[in-house]
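Trainee: Take this structure, written in structure tokens, and hold onto it; I'll ask about it next.
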Amino acid sequence: MRRKLAAGNWKMNGTGASLAEIETLMKSHPAPGVDVLICPPATLIGRAAALAEGHVLAIGGQDCHAEASGAHTGDISAAMLKDAGATHVILGHSERRADHDESDGDVRAKCRAALAEGLVAVVCVGETLDEREAANTLDIIGGQLAGSLPDIASAHDLVIAYEPIWAIGTGKVPTTAQIGEVHDFIRTKLEQRYGAGVGRSVRILYGGSVKGSNAAEIFAVSNVDGALVGGASLTAGDFSPIVSALEEA
């Protein structure tokens, strides 16, 4: 059985005062029946990891550089994330792909670096609205999977997050049939790439306007093993119902 995962991506939000939300979340779910991950901005990773020490809550980064060190001003390596207390890292988010021109090859190199440091890579894929309306969704997702994933991976160090770009932060959510089609497609591609054992064990998350009111419906969809949540993960009050819905799925 794949253990469910509720992951929160705080993006460029949060200061020291925001750590109180993590503390509240841990108190609300002292022993959650699912894995819970919070990816705060880099400035908070060390403090968040210290706060979560002794709790099952995991802390992750939002990106890492493909190189272990060097003249890369402003960047953070996988080793630095690990040293700060992170156990996971989000890679290939659509905002990184769009705002920083990250290619599938860039994401793949970062993924290799993360795995080499023992981090769990949460690799994001997703289509634009134009691509969806042109009926190119599966071609786009297939290409991103082929180009962004390393040749060697395991169920323990790789998570896929399907985030239709047109649903991120817009309030628009694909139908359950649309979500199921993509997640089933991703599962098939993973099995073809890594074999049935690994392919059936890698977790596939859905992301894009997930909230407490629609979480249960989304989590009932085939091959949805949890969620990568943006805005609704910023407060314990919004994120806790999503965790609870996943526990009940």
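Trainee: For Leu25, indicate whether it is without any contact (Cβ under 8 Å) to a residue 40 or more places away in the chain, of a type outside the set (S, T, N, Q) and in a helix (DSSP H, G or I).
Mentor: So Leu25 does not fit the description; no.
Trainee: Mind checking which residues of segment 191-249 are in a strand (DSSP E or B) and either surrounded by fewer than 20 Cβ atoms within 10 Å (Cβ to Cβ) or on the phi < 0 side of the Ramachandran plot (or both)?
Mentor: Residues satisfying the conditions are Arg203, Ile204, Leu205, Tyr206, Ala227, Leu228, Val229.
Trainee: Select from segment 78-93 the residues that are surrounded by 21 or more Cβ atoms within 10 Å (Cβ to Cβ) and not β-branched (Val, Ile, Thr) and list them in ascending order.
Mentor: If the condition is that a residue be surrounded by 21 or more Cβ atoms within 10 Å (Cβ to Cβ) and not β-branched (Val, Ile, Thr), then Ala78, Leu81, Ala86, His88, Leu91, Gly92, His93 are the ones that fit.
Trainee: Is segment 210-220 home to any residue that is over 29 Å from Ile22 (Cβ atoms), among the acidic types (Asp, Glu) and in contact (Cβ under 8 Å) with a residue 40 or more places away in the chain?
Mentor: The answer is no, given that none of the residues of segment 210-220 is over 29 Å from Ile22 (Cβ atoms), among the acidic types (Asp, Glu) and in contact (Cβ under 8 Å) with a residue 40 or more places away in the chain.
Trainee: What pairs come out if I take residues in segment 34-49 that are surrounded by fewer than 23 Cβ atoms within 10 Å (Cβ to Cβ) and modelled with pLDDT of 95 or more and pair them with residues that are outside any strand (DSSP E or B) and among the aromatic types (Phe, Trp, Tyr) whose C-beta lies under 9 Å away, six or more apart or interchain?
Mentor: Cβ pairs passing all conditions: Pro41/Trp10; Leu44/Trp10.
Trainee: Let me ask you something else. Return the total of residues in segment 238-249 being touching a residue at least 40 places away in the same chain (Cβ under 8 Å) and of a type outside the set (S, T, N, Q).
Mentor: 6
Trainee: Now for a separate question. Condition (residue is among the small types (Gly, Ala, Ser) and within 25 Å of Pro40 (Cβ to Cβ)) applied to segment 173-196: is it met by at least one residue?
Mentor: no
Trainee: Would you pick out the residues in segment 186-222 that are under 15 Å from the mean Cα position of the chain (by Cα) and not hydrophobic (A, V, I, L, M, F, W, C)?
Mentor: Correct list: Arg203, Tyr206, Gly207, Gly208, Ser209.
The rows are residues; the columns are (1) assigned to a loop (DSSP other than H, G, I, E, B); (2) more than 18 Å from Ala161 (Cβ to Cβ); (3) in contact with a helix residue (DSSP H, G or I) (Cβ under 8 Å, 6 or more places away or on another chain); (4) of a type outside the set (Ser, Thr, Tyr).
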residue: Arg3; (1), (2), (3), (4): yes, no, no, yes
residue: Ala17; (1), (2), (3), (4): no, yes, no, yes
residue: Ala20; (1), (2), (3), (4): no, yes, no, yes
residue: Ile38; (1), (2), (3), (4): no, no, yes, yes
residue: Ala48; (1), (2), (3), (4): no, yes, yes, yes
residue: His55; (1), (2), (3), (4): yes, yes, yes, yes
residue: His72; (1), (2), (3), (4): yes, yes, no, yes
residue: Ala79; (1), (2), (3), (4): no, yes, no, yes
residue: Lys82; (1), (2), (3), (4): no, yes, no, yes
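The values are calculated or read from the model by the stated rules, or taken from the named source; none is laboratory data. Being a predicted model, the structure only gives us computed values, none of them experimental. Cβ: placed from backbone, ideal geometry, glycine included. Neighbour counts: every protein chain shown.
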